[in-house]
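See structure below.
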Amino acid sequence: MKALTDFFTTDYGLMSAVVIAITLGMAVFYASYFARHIRMDEAAERARLADLKR
């Protein structure tokens with residue numbers, strides 16, 4: 001319990017919490033960014049291949 005108290009009440013604990021939050025936020029952002037661009041590239045490639053078949 002002391003560790004949790006130190007984590008939320010000391011300056012180094014709060015900075016650690018901020019860094020953890022930023023890191024998790026970046027992980028969510030990058031995962032969604034990469035997934036969106038993979039879907040866009042896949043759709044573009046499917047359209048390109050469909051045009052080649054015509």
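Assorted remarks:
- Extension gain, F34-A47: 0.36 nm per intervening residue step, less the Cα-Cα distance, totals 2.7 nm.
- Axis angle, to the nearest 10 degrees, between helix 11-53 and the longest C-alpha principal axis of the chain: 0 degrees.
- Every helix of 4 or more DSSP H residues in the chain counts as -39500 (n - 2.57), and over all residues that averages to -33500 deg cm²/dmol at 222 nm.
- The alpha-carbon atoms of the chain define a convex hull whose volume equals 55 cubic angstrom per residue.
Rule-based calculations on the coordinates, nothing more; no lab input. Predicted model only: the values in this text are computed from it and were never measured.
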